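Only the coordinates and a few stated rules stand behind these numbers; no lab work does. From a predicted model like this one, the values you see are computed outputs, not experimental measurements. Methodologically, a virtual Cβ is constructed for each residue, glycine included, from the backbone with ideal geometry; neighbour enumeration extends over all protein chains shown.
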């Protein structure tokens, strides 16, 4: 499809829609025309959802989860075990683990993984705040729940080296889920099992 | 994935994103988080593209194409043959036909097809304005370029019955494209050929 649309407004809307990952220009046009069929107040609500999100969103001071308050609902919950921290790459992993109903501790969002190829080092991630949490609190366990690829393993090993001297039990989720798969796309049973069957981090190194 | 997100703002953004056709909640979350990583001004631009589109978009007074002006760029063009009207279901079909560079007339957008099952009758479509254009102008030809399904055929036949008494040549695009396929997804060569090889409407009825 060339850009022979008779409207600059449509062009701009399609440009913006197709800026989303995985949305091509044909799909974008279909979505834009679907929006255009709606009432004005519906489109206003659609658009303001994203501007409001950006303007008002906070990040939990403790775990860096996305939150409406200073502390997220998980860190704030009295029914969650504050002595157990599950380290994840981003908030989608929290949602995925929460949906298994197999984990009752709290989280720590790294915001990425160590990736020299992309120029991401330990200082670009929320690692120092994790170490602070580990030093401050009577922590019993840190569960590393990162992807099973090179970057995930590197980051996990880096964290293990930082946390092990603090006499904290460092575990990693069981590789019940396929290596290299995204946590968020794993089925809930496998992901739940991988939480239950977590093993000492040192064991995973031996393999 | 359940709705255990710790943020009502995220929930609302995901709700809105997944209101788009073909976007599930997992994909919506991925898109929303992608947006959230952008700068505020980028998100403002994203959002305003859709509100501006709805507020400022016009429909061409002649052909009902989407337009920034009273007349769309095609109806306004002196290089287009105004005596030849191609009747399409919606503006995506115009974009598809334009991309073939095989058609030099003008268009008329019906805004749908006759579909008793969905309660859409001839009066719900831009048919009377088409008849007016046919009566007013020294029209030579109306090309019916609708889908090859029941509703498209019914609508085409309805138009033929209305236009034939006006001594206008009524043609239909050659079924070079697979029956039942959407015009917008056809490859440009087949679609271009179907414009070139259009046949008298009465022929298509005989088959």
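For the reader, a short list of remarks on this structure follows.
- Remark: spin-label model distance residue A:82-residue B:182 equals 5.2 nm, labels positioned 7 Å along the Cα→Cβ axis.
- If R0 equals 56 Å, the separation of the Cβ atoms of residue B:73 and residue A:118 corresponds to a calculated FRET efficiency of about 0.80.
- In nanometers and ordered shortest first, the copy-to-copy spacing of the residue B:161 label point, defined 7 Å from Cα toward Cβ, is 8.1.
- Against the main long axis of the alpha-carbon atoms of chain A, helix A:40-56 sits at an angle near 30°.
- When residue A:196 is represented by a point 7 angstrom out along its Cα-to-C-beta vector, the spacings to that point in the other copies are 6.5 nm, nearest first.
- Among beta bridges that DSSP assigns inside the range B:5-122, antiparallel share in %, nearest 5: 40 percent
- Derived from the Cα gyration tensor, the three semi-axes of the equivalent ellipsoid of the range B:70-206 are 19, 19, 15 Å, largest first.
- Packing rank of B:82-94, A:162-174, B:30-42, where each peptide gets the mean count of other beta carbons within 10 Å, highest leading: B:82-94, A:162-174, B:30-42
- Spin-label proximity, residue B:157 to the range B:122-143 - amide N less than 18 Å from point 7 Å beyond Cα toward beta carbon: B:122-123
- Copy-to-copy label separations for residue B:48, where each label sits 7 Å from Cα toward Cβ, in nm and ascending: 1.7
- R0 of 41 Å, Cβ-Cβ distance residue B:48-residue A:190: FRET efficiency to nearest 0.05: 0.45
- FRET efficiency, residue B:199 to residue A:8 (Cβ-Cβ, R0 41 Å, nearest 0.05): 0.65
- Distance to the B-onto-A rotation axis is smallest for one chain B Cβ; residue and value in angstrom are B:47, 2.
- Seen against the Cα atoms of chain A and their longest principal axis, helix A:8-17 is set at about 20 degrees.
- Angle in degrees between helix A:150-163 and the longest Cα principal axis of chain A, rounded to the nearest 10: 40 degrees
- Sum of -39500 (n - 2.57) over DSSP H runs of 4+, divided by residues of chain B (222 nm, nearest 500): -12500 deg cm²/dmol
- Kirkwood hydrodynamic radius over Cα pairs of the range B:1-99, then Stokes diffusion coefficient at 20 °C and 1.002 mPa s, in µm²/s: 128 µm²/s
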